[in-house]
Structures are given as C-alpha cells and as structure tokens.
Amino acid sequence: MPYLKAKHLSTQGKRLNERVKTANRKLIYIGGEIRFQSEMDLEDYVDEKFDEIFPSLIKIKRQHTVKMQRCDLLCCTKSEKQPIIIELKNEEDRGLVSQLTRYRKAIITNKCFEDKIDYSLPVKMIAIAPSFHADNYTDKEASKFEEDFCFWEFAVQNHHNSGQFKLLSQIYEISYPVFGLPEI
C-alpha cells in the first residue's frame, strides 16, 4: 500500500513513495527496539543461517504441513536423528505450547520423512521468540511433554546500523540495514 496517495505528491514525493513501497525492509526500529518486520522475515533469516545457528541439526523441511498443521522447521539431530520441531515467533504468543503439541501429534501420526527421522526418540519442541508469556510456562508445566519443550529467547541488536541476531549467548550477523533508526 502506498505511503500517500500518488495524486497528492510532487515528483520527488512520488519517487520516495515508490522506494518506500518497494523497499526490502526486513529489520525495523519500533517502540525503542529492533525487530524483524514480519515473522516471515525472521523465518527467512533463520532458514538462511540455519547451518550456522544450529550446527548439530539437519533441516528436513521448512513450512512442513501435515493434516492441516504447519510447523516452521522440521529437523532432526545429526547424531541420533531425533525429531525436532522449531516454531519461530516474531512476538510473544500465548498459544505456543498447544501449537507445538498439535505439530508433534501430526508428525508422529504420519511419521513424515521416516527414512531421515528416528521416531523411537522423543520429539523435541523448540519455540524461539523475543519473549514468552507466563501462560507458556504454565502450559509447559501442565503438559505431559514438559521435558521435550525448550523456550529460547532471541534479541536483535544494532551493530553499525545493521542487525545482530542473539540466541543462546551466540551472536550472528544480519546483513541488512535497520529501517527507522533514529539519527544520532
């Protein structure tokens, strides 16, 4: 959607409006923090950097759908082929535990990629988000799969007007600029 209606803009304004419309802004500064513009941008970044961020995992499929359930990343460990489901959230989400539990059920029922995954091992469910609601911890504690859940918080930091992705005390470069950073 254009920034302003084109008929009310000068020629220079129309050019700026077109640049804003087509800009590939993946990181934005909003509310005093840097974040991915959308969950899809977060998924794209993690997918691009998968081997660097998760060196002990094999990515089986991104956006894997089974019985109307779609997990962001279906993976397994390199060593034992233990099934891993990774769900990425760009913001806090209260329903993560039930969402991951549904994915787990669908994957176990269908035994997707059985040649690559060892379904005799428990399915590990990893949620990655900038923060987790207290309800997530309550739901995890009440779940019979409590030991199979991991909640990993990430942060996006400014580093010379581009981003850095911080997860589990590791920092990964983000190669695109941050849109909307205040001028210093």
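Does Ile117 qualify as being in a strand (DSSP E or B) and in contact (Cβ under 8 Å) with a residue 12 or more places away in the chain? No: the conditions fail for Ile117.
All but one of (1) of a type in the set (Lys, Arg); (2) crowded, with 17+ Cβ neighbours inside 10 Å; (3) touching a Ser or Thr at 6+ places or on another chain (Cβ under 9 Å) hold for Arg35; state the number of the condition that does not hold. Single failed check for Arg35: (3). When Glu80 is tested against the conditions (1) in contact with a strand residue (DSSP E or B) (Cβ under 9 Å, 6 or more places away or on another chain); (2) under 20 Å from Val123 (Cα atoms); (3) modelled with pLDDT of 95 or more; (4) surrounded by fewer than 19 Cβ atoms within 10 Å (Cβ to Cβ), the lone failure is (1). Right, Val178: touching a Gly at 6+ places or on another chain (Cβ under 9 Å) and either modelled with pLDDT of 95 or more or among the acidic types (Asp, Glu) (or both) or not? So Val178 fails the test.
Residue-wise test of (1) within 18 Å of Leu167 (Cα to Cα); (2) surrounded by fewer than 19 Cβ atoms within 10 Å (Cβ to Cβ); (3) among the hydroxyl-bearing types (Ser, Thr, Tyr).
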site: Phe50; (1), (2), (3): yes, yes, no
site: Met68; (1), (2), (3): no, yes, no
site: Ile84; (1), (2), (3): yes, no, no
site: Leu96; (1), (2), (3): no, no, no
site: Glu114; (1), (2), (3): no, yes, no
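The selection criterion, being surrounded by fewer than 18 Cβ atoms within 10 Å (Cβ to Cβ) and either under 29 Å from Ile174 (Cβ atoms) or β-branched (Val, Ile, Thr) (or both), does not hold for His64.
Examine the range 151-172 for a residue that is over 20 Å from the mean Cα position of the chain (by Cα) and either under 27 Å from Lys59 (Cβ atoms) or modelled with pLDDT of 95 or more (or both), and state whether such a residue exists. Yes; the residues of the range 151-172 include at least one that is over 20 Å from the mean Cα position of the chain (by Cα) and either under 27 Å from Lys59 (Cβ atoms) or modelled with pLDDT of 95 or more (or both).
The values are calculated or read from the model by the stated rules, or taken from the named source; none is laboratory data. Quick caveat: nothing in here was measured; it's all calculated off a predicted structure. When we count neighbours, we look across all protein chains shown, and the Cβ atoms used for this are built from the backbone with ideal geometry, even at glycine.
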